[in-house]
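Colleague: Below: one structure in structure tokens.
Every read-out reported here was derived from the displayed coordinates using simple, explicitly stated rules and does not represent laboratory data. Every value quoted in this text rests on a predicted model; they were computed, and no experiment measured them. Glycine also receives a Cβ, built like all others from the backbone with ideal geometry; neighbour counts cover every protein chain displayed.
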């Protein structure tokens with residue numbers, strides 16, 4: 001089966017038109033209503049000439065033949081409608097990080113060659129600045145909010161745009177080769193756009209596969225699964241892949257996407273209150289950056305969370321202690337720790353339950369995933385002691401937008417098979433599990449030994465006083481590089497380097513232990529909870 005995201009959503013909507021599709025504040029939009037609103041947006045964009053201009057067959061993997069629409073919004077129903085509307089117009093929606101400063105935004109707009117932008121009124125002042133710096137931006141659609149910012153000159157209000165457009169299904173042929181694109185976070189470098197065929201990302205990450213059974217083989221199979229109707233809350237921003245992947249997986253299974261009220265910051269009370277009120281069954285969180293505040297809130301206030309059966313975490317690690325705490329407080333919940341990237345989709349899963357206990361660091365690989373040797377010459381068999389590259393074959397991206405060299409490096413051909421190798425180091429264990437060691441770009445080379453930042457962070461988090469931590473390397477005359485740990489302590493605790501080193505020594509070889517600590521009030525992370533290693537290195541340099 002090959003498919004298109006717009007086609008799948010339209011087919012499911014025709015089957016369950018009256019079921020809730022998106023819930024946000026006082027809006028309860030059915031599948032039929034979301035279909036109409038996204039069609040109207042698609043027809044508005046198409047009427048401005050936005051869409052496909054070069055068929056996929058004539059392009060290289062790093063090239064796009066479609067117009068790009070930047071989505072510069074907080075979480076809201078308009079975000080998901082805009083993604084669907086772009087797909088239905090055959091334009092490509094692009095996620096934009098609302099935390100970016102002007103230079104980063106200008107880079108992304110120029111790199112993506114975006115012709116249109118859909119943005120919240122709260123962000124209008126920055127859009128006005130971008131308009132002066134990026135003349136290629138032609139279309140401005142402003143989503144009203146409570147900021148009080150007026151409509152920018154030359155822009156159109158979102159509701160006005162869709163109200164004046166046709167609700168008819170766009171007269172366009174949606175193809176499996178139409179693009180889906182996602183911009184990576186840029187925490188270790190400038191953001192870059194990953195290009196996927198829609199059919200490939202649908203089966204890799206957007207609900208096109210049946211857990212434990214493989215890909216859907218027909219639209220009839222998809223529609224049969226759409227009777228499930230799970231209610232999900234992707235608590236992270238939609239501008240990050242993990243959150244809108246869960247949202248579109250819910251759409252593909254006939255579920256409702258529930259959005260918490262506060263879309264500017266992560267408010268644990270707001271999240272738990274939303275789970276309670278909307279009877280959410282599956283919730284996405286991003287590692288300890290979300291997990292710790294959520295657990296702290298449960299110490300302060302009680303909620304009826306009996307509907308919740310699945311916690312999914314991805315994008316950052318959730319410590320064993322945090323998993324154990326969730327299972328203790330919510331014994332009916334299964335915690336699914338996923339590992340993957342924008343270049344692979346989900347690659348492997350670690351499941352923790354009351355029956356199995358909690359673990360971390362090792363994952364059961366999904367079909368098509370493996371470990372390649374250091375020299376990218378062969379696939380490592382289970383039980384190999386070699387540290388290699390965590391890789392995926394099969395449904396993988398076409399490439400990086402506008403970057404032929406990076407595309408060829410990240411998607412090598414090994415033994416006649418094309419793989420995605422985004423940079424995570426791993427071992428394939430005797431058990432068949434994958435031990436994921438961490439991203440090579442943040443590996444610390446000390447005295448000839450490789451130390452993975454994530455393994456040191458995980459060891460530090462075993463100590464009760466550590467609320468959050470990130471680890472980087474700094475130059476060392478003796479070792480080349482040495483480990484430095486930036487640590488935010490729990491309220492009421494005091495720095496105790498000896499105790500932290502003692503805890504680390506229980507889990508790590510001595511050469512991996514931090515040579516220095518930097519204690520801070522807070523560890524900076526992206527809105528998705530990912531560590532910002534550029535920020536961390538800057539703090540160490542200042543310190």
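Colleague: Can you tell me the relative contact order of the chain? Whole percent, Cα pairs under 8 Å, sequence separation 6 or more. Numbers along the way, then the final one.
Modeller: Details: 1177 pairs, mean separation 61.4, N = 543.
The value is 11 percent.
Colleague: Could you state the angle between the C-alpha long axis of helix 241-252 and the longest principal axis of the C-alpha atoms of the chain, as a value from 0 to 90 degrees rounded to the nearest 10?
Modeller: It works out to around 50 degrees.
Colleague: Can you pull the one-decimal nm distance between simple spin-label points at residue 328 and residue 215, each 7 Å off the Cα toward Cβ?
Modeller: 4.4
Colleague: Could you sort 399-406, 502-509 so that the peptide with the highest average Cβ count within 10 Å comes first and the rest follow in order?
Modeller: Numbers: 399-406: 17.2, 502-509: 15.0.
Per-residue Cβ counts within 10 Å, averaged per peptide and sorted highest first, yield 399-406, 502-509.
Colleague: Could you tell me what % of all Cα pairs in region 447-542 have separations over 16 Å? Display every interim value, and only then the final one.
Modeller: Values: 2364 of 4560 pairs.
For region 447-542, the fraction of Cα-Cα distances above 16 Å is 52 percent.
Colleague: Using Cα centres only, tell me the gap between region 295-333 and region 355-402 in whole Å.
Modeller: Distance between centres, Cα-based: 28 Å.
Colleague: Ok, one more. Determine the equivalent ellipsoid of region 485-541 by diagonalising the alpha-carbon gyration tensor, then write out the semi-axes as square roots of 5 times the eigenvalues, largest first, rounded to whole Å. If you can, show how the numbers build up before the last one.
Modeller: Values: eigenvalues 89, 45, 25 Å².
That gives 21, 15, 11 Å for the three semi-axes.
Colleague: Full-extension gain between residue 440 and residue 146, please, as 0.36 nm times their residue separation minus the C-alpha to C-alpha distance. Write down the numbers at each step before the final one.
Modeller: Working: separation 294, 0.36 × 294 = 105.84 nm, distance 4.27 nm.
So the chain would gain 101.6 nm between residue 440 and residue 146.
Colleague: Separate question: Just need the relative contact order of region 254-352 here, percent rounded to a whole number, with Cα pairs under 8 Å and 6+ apart. Walk me through the numbers on the way to the answer.
Modeller: Details: 139 pairs, mean separation 22.5, N = 99.
Relative contact order, region 254-352: 23 percent.
Colleague: Highest mean first, what order results for 242-249, 141-148 on Cβ atoms within 10 Å? Kindly include the intermediate steps, with their values, before the conclusion.
Modeller: Working: 242-249: 25.6, 141-148: 16.2.
Ranked by mean Cβ neighbours within 10 Å, highest first: 242-249, 141-148.
Colleague: Is the C-alpha gyration tensor of region 363-439 telling us rounded, prolate or oblate? Criteria: a/c under 1.5 is rounded; beyond that, a/b larger than b/c is prolate, otherwise oblate. Walk me through the numbers before you get to the answer.
Modeller: Numbers: a/c = 1.93, a/b = 1.90, b/c = 1.02.
It is prolate, given that a/c is not under 1.5 and a/b is the larger ratio.
Colleague: A follow-up question, please. Helix-derived [θ] at 222 nm for the chain: sum -39500 (n - 2.57) over DSSP H runs of at least 4, divide by residue count, nearest 500? Please report the intermediate quantities before stating the final value.
Modeller: Details: 16 runs with 164 residues, N = 543.
It lands at -9000 deg cm²/dmol.
Colleague: According to the square roots a ≥ b ≥ c of the eigenvalues of the Cα gyration tensor, what is the shape class of region 1-129, taking rounded for a/c under 1.5, prolate for a/b larger than b/c otherwise, and oblate for the remainder? Please list the in-between numbers first.
Modeller: Working: a/c = 2.22, a/b = 1.18, b/c = 1.88.
Judged from the Cα gyration tensor, region 1-129 comes out oblate (a/c at least 1.5, b/c at or above a/b).
Colleague: Work out, in µm²/s and without decimals, the Stokes-Einstein translational diffusion coefficient of the chain at 20 °C, 1.002 mPa s, Rh from Kirkwood over C-alpha pairs.
Modeller: On the way: Rh = 24.1 Å.
Reported coefficient: 89 µm²/s.
Colleague: Neighbour counts of other C-beta atoms within 10 Å: give me 323, 530, 88 arranged from fewest to most.
Modeller: Values: 323 22, 530 19, 88 29.
Ranked by crowding around the Cβ, least crowded first: 530, 323, 88.
Colleague: Further, regarding this structure: Using alpha-carbon positions, what is the distance between the centroids of region 35-97 and region 1-19, in Å?
Modeller: For region 35-97 versus region 1-19, the Cα centre distance is 17 Å.
Colleague: How tilted is helix 124-133 with respect to the longest principal axis of the chain? Cα atoms for both, answer in degrees (0 to 90, nearest 10).
Modeller: 90
Colleague: Compute the distance in nm between two label points, each set 7 Å from the Cα along the Cα-to-Cβ direction, one at residue 172 and one at residue 279.
Modeller: 3.7
Colleague: So if I average 1/r over every pair of distinct C-alpha atoms in region 78-162 and take the inverse, what Kirkwood radius in Å does that give?
Modeller: On the way: mean 1/r = 0.0756 Å⁻¹.
Computed over Cα pairs of region 78-162, the Kirkwood hydrodynamic radius comes out at 13.2 Å.
Colleague: Relative to the longest principal Cα axis of the chain, at what angle does helix 102-112 sit, 0 to 90 degrees, rounded to 10?
Modeller: It is inclined by approximately 60 degrees.
Colleague: Say R0 is 41 Å: what FRET efficiency, to the nearest 0.05, do residue 53 and residue 355 get from their beta-carbon distance? Intermediate results must be reported in sequence, preceding the final value.
Modeller: On the way: r = 54 Å, r/R0 = 1.33.
Here the calculated transfer efficiency is 0.15.
Colleague: Which order do 76, 21 fall in if you start with the one that has the fewest other Cβ atoms within 10 Å?
Modeller: Details: 76 20, 21 27.
Starting with the residue having the fewest Cβ neighbours, the order is 76, 21.
Colleague: In whole angstrom, how far apart do the alpha carbon centroids of region 159-219 and region 420-440 sit?
Modeller: 27
Colleague: Could you work out the relative contact order of region 156-224, using alpha carbon pairs under 8 angstrom and six or more residues apart, expressed as a whole percent? Each step should come with its number before you reach the end.
Modeller: Numbers: 45 pairs, mean separation 13.0, N = 69.
With pairs under 8 Å counted, the relative contact order is 19 percent.
Colleague: Provide the gained length on full extension for the span residue 99 to residue 478, in nm with one decimal, where the gain is 0.36 nm per separating residue minus the Cα-Cα distance. Walk me through the intermediate numbers first.
Modeller: Values: separation 379, 0.36 × 379 = 136.44 nm, distance 3.81 nm.
Taking 0.36 nm per residue and subtracting the Cα distance, the gain is 132.6 nm.
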